[in-house]
Every structure is written in C-alpha cells, then in structure tokens.
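The values are calculated or read from the model by the stated rules, or taken from the named source; none is laboratory data. No experiment lies behind these values; they were computed from the predicted model shown. Here the Cβ is made from the backbone with ideal geometry for all residues, glycine too, and neighbour counts use every protein chain on show.
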Amino acid sequence: MQAGEYATTPFGSRPMTLASLAAQRVTRESEGQGRAVDKWALYKDICEAKSVLGTNDRALAVLSALLSFYPDSELSEENGLIVFPSNRQLSLRAHGMPDTSLRRNLASLVDAGLILRRDSPNGKRYAHKSREGDIEEAFGLSLAPLLARADEIAQAADQVRAEAQRIKRTRERITLQRRDISKLIEVAVEEVAEGDWSGLWRRFRAIVDAIPRRASITELETILDELVAIRVEVDNALNSFTNDQNMDGNDVHTGRQHTESNPDSHFKLEPAPETSGVEVEPKPRSVEPPKGYPLGLILKACPDIIDYAVDGIASWRDLMATAAQVRGYLGVSPSAYADALDILGQENTAVVIACILQRANHINSAGGYLRALTDKARAGGFSVGPMLMAQLKTNGVTTSRMAG
C-alpha cells in the first residue's frame, strides 16, 4: 500500500482531528482524475466565498503566500501539490506576518479544509529529490484539498456573487423608492394636494431610519415591500389630485370658487373618515384668519412674501399657496412643514412661513426654527399673535394705524 493511501497525522503535540481525516478522505477520493485548475482563479473564488468556507482575510494572505511557492500557474497532481517553505519564508511573503499569527492562520486553513499538513518525522518541511532533481517525496503543506474542492469552491463563490448582486440591486431599488417617495410627498405638500401627507411622511421616515447598515437580503426585501406599499398610496393620492385638476373648464371654475372658501378641500393632514357605504354630509367651513388678524395686517408685517406670489396675494388661499412654495426656497423639509401644518394649521403655518421669510437674514436654519416653533406649539407654548406683533413693530406698523 502506498504512503498516499494512509491518513497522515501532525507532528508533535498538535492533535489529530476528525475534520482533518474528512479532508484527507475527500482528497484521496479525487485523486487520479488528472485535472488542473488555475491557482489564482481558484484563489479569487476562495476570497469571494470566504464567509461560506469559514476563513478570513489574514488566513487568505497566508494562503496566497503558500500558492506563490507552487511553481506552476495550475494546480495539478502531475506536478505535485505539496509546498515546503519554512515559516520564515512564508512570513516574508505574507508581508512580514509574525510567527505566532502565521501559525494561527495556518491552523485556520487546515481547520477550514483548504490545506493539509504532511509533516515529516522531525516536523520540518523539505523534499527528497532524485539525481535528476525531480521531487520524489515532499513534506510540508499540501494544496490537494484546493484541487479536490475546486468545483465546490467555484459554486460557493457563484452563490456569494449572486447574493451580493441581489443585495446591490435591492438596495438600488430602495434608493429609488426613497428618492421618489420623498420628492412626490414634497410636491404634494407644495401643491396643497389632498391627503394625509404628514402621516405618510412619518411612516416613510420610520422605515428609512430603521434600515440597518448591514442588512440581509430578507431584511432588504421586506423594507422594499414596505416602501412600495407607501409609494402606491402616494401615487394613488397624487393621481386622484391630478385627475381633479383635469376636469372640464366649468368644473375647474366651480372648484376654484369652492376652494376660495374652503382651502382644506385640496389638503388635509388627517385622513378622511371611513364611510363604509354610509354617506357623510359635507361640512364646508370658511377660512378664518388666525386669531382675528386681517390679511392686510399680515402682509404689512411680512411684505417680502408678496414677491413670491405669481398673481399677488388677495386671499388666504393665495397666502397659503405662496407659503407652500416659499417653504422650498427657505430649505424647510417636507416633514417639518407637514408637522407644522398638523400642529399649527394651514393659516397659522402660512403666517409663520411669511415671518420666517421676512427675517431670513437673521435665521440660520429656517427648517430648524420652524420645528422649534412647532414643538412649542405642541406643548402649548407658542401662538402666532406675538410673533406677528413683533414683526409689525420691527416694520414700524401698529394695529391702530392699520385700523385707521
């Protein structure tokens, strides 16, 4: 019986393991097939599939050094599969890896079933050569498991690459959905479209903020499904709004007259009640100026907003529409604006936006300022009146002069 038919054991105090026995068995079963594999192509596959194979970058650096001692570009039985560099030589080719780290990573490669030890009687690595210089027998580190497992390694690398590509494409789709949803909600708020935009924005941000930096494909696909569900709601609401805008001339004219008296007909922060087949009597309400302040007084306090109105500001509807547009110019995010609408109401939010615009040169962050005011209002510590009066005082205008 030839020596290669026996299982080999390690030198010295190193123990024999069942994993080593199994690796030797797989190697023996693949012998005699006469195959050859490009060693660097195989190494690339191992690097790709390192998580599956149970190895790491440091161990792969040692494996690369071992492969560099193999004289041919292809691993084959014909040329032998044992390399026998000393630890010092290995360390130099592994970029000066310390001896203790080198030994640990060699053991890691053995445990992963990527190499085998074929120790000499004294534990040193060397080869017996013929008179012609051919290697007759070598003791060292066998690369035979790489050749035996080449197909398995290639398949594992393909699976890892496919998984990485799937993750990449899913992340791309998530990025597209994030961009689209954000911009669609933004335009909906700017156009004062009907819908629960504040609620949609909060749900959207809750999903986005919870995306982990390292997520599995299952987690990413769940996140994508949640974003798609929100996207469908956004699209449906916007499609309904644009359909309303495309009515015939008479309906549009009638709708505009109705809108003058009811600005919430195109935008409301709370979802409409479920009718479940029961008709709910519409209750139109007229726009009430905040705290009884006339529109003219507000424009005296904040005249700059008039410059942003396409056809001037002749009604509260005009002021609110212009404020929605100015919001973008000031850099106020859709979420901050939606929260303000939710807490302050449309009319008061429009007045606050007008005041912020008037004092834009003195405010570092319009969005942060609006959020702070919204938080104060939520706690009952803010109302529009004092802010408006302060701006009137700054402009040298008083309510008595306005009344006169």
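The figures follow:
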quantity: Counted residues, the stretch 47-89 - those being in a loop (DSSP other than H, G, I, E, B) and surrounded by 21 or more Cβ atoms within 10 Å (Cβ to Cβ); calculated: 3
quantity: Residues located in the stretch 198-220, provided they are buried (at least 16 other Cβ atoms within 10 Å of the Cβ) and either assigned to a loop (DSSP other than H, G, I, E, B) or touching a Phe, Trp or Tyr at 6+ places or on another chain (Cβ under 8 Å) (or both); calculated: ALA215
quantity: Subset of the stretch 90-104 (residues that are in a helix (DSSP H, G or I), surrounded by fewer than 17 Cβ atoms within 10 Å (Cβ to Cβ) and either among the charged types (D, E, K, R) or in contact (Cβ under 8 Å) with a residue 24 or more places away in the chain (or both)); calculated: ASP99, SER101, ARG103, ARG104
quantity: When residues of the stretch 51-81 are limited to those that are β-branched (Val, Ile, Thr) and in contact with a helix residue (DSSP H, G or I) (Cβ under 6 Å, 6 or more places away or on another chain), the one nearest to HIS95 (Cα to Cα); calculated: VAL62
quantity: Condition met for ALA354 (within 14 Å of ALA188 (Cα to Cα) and of a type in the set (Gly, Ala, Ser)); calculated: no
quantity: The stretch 279-313 - residue that is at pLDDT 90 or above and assigned to a loop (DSSP other than H, G, I, E, B) and, of those, farthest from LEU357 (Cα to Cα); calculated: ILE313
quantity: Hits in the stretch 348-369 - residues which are under 28 Å from the mean Cα position of the chain (by Cα) and aliphatic (A, V, I, L, M); calculated: ALA366
quantity: ALA372, sole failed condition from (1) touching a helix residue (DSSP H, G or I) at 6+ places or on another chain (Cβ under 9 Å); (2) at pLDDT 90 or above; calculated: (1)
quantity: Matching option when the condition is more than 30 Å from ASP158 (Cα to Cα), of a type in the set (D, E, K, R) and part of a strand (DSSP E or B), among GLU132, GLU136; calculated: GLU136
quantity: Test result for ILE223, surrounded by 17 or more Cβ atoms within 10 Å (Cβ to Cβ), without any contact (Cβ under 8 Å) to a residue 24 or more places away in the chain and not assigned by TED's automatic domain parsing to the domain that holds LEU63; calculated: no
quantity: From ALA336, ALA301, residue being free of Cβ contacts under 8 Å to residues at least 60 places away in the same chain, hydrophobic (A, V, I, L, M, F, W, C) and crowded, with 18+ Cβ neighbours inside 10 Å; calculated: ALA336
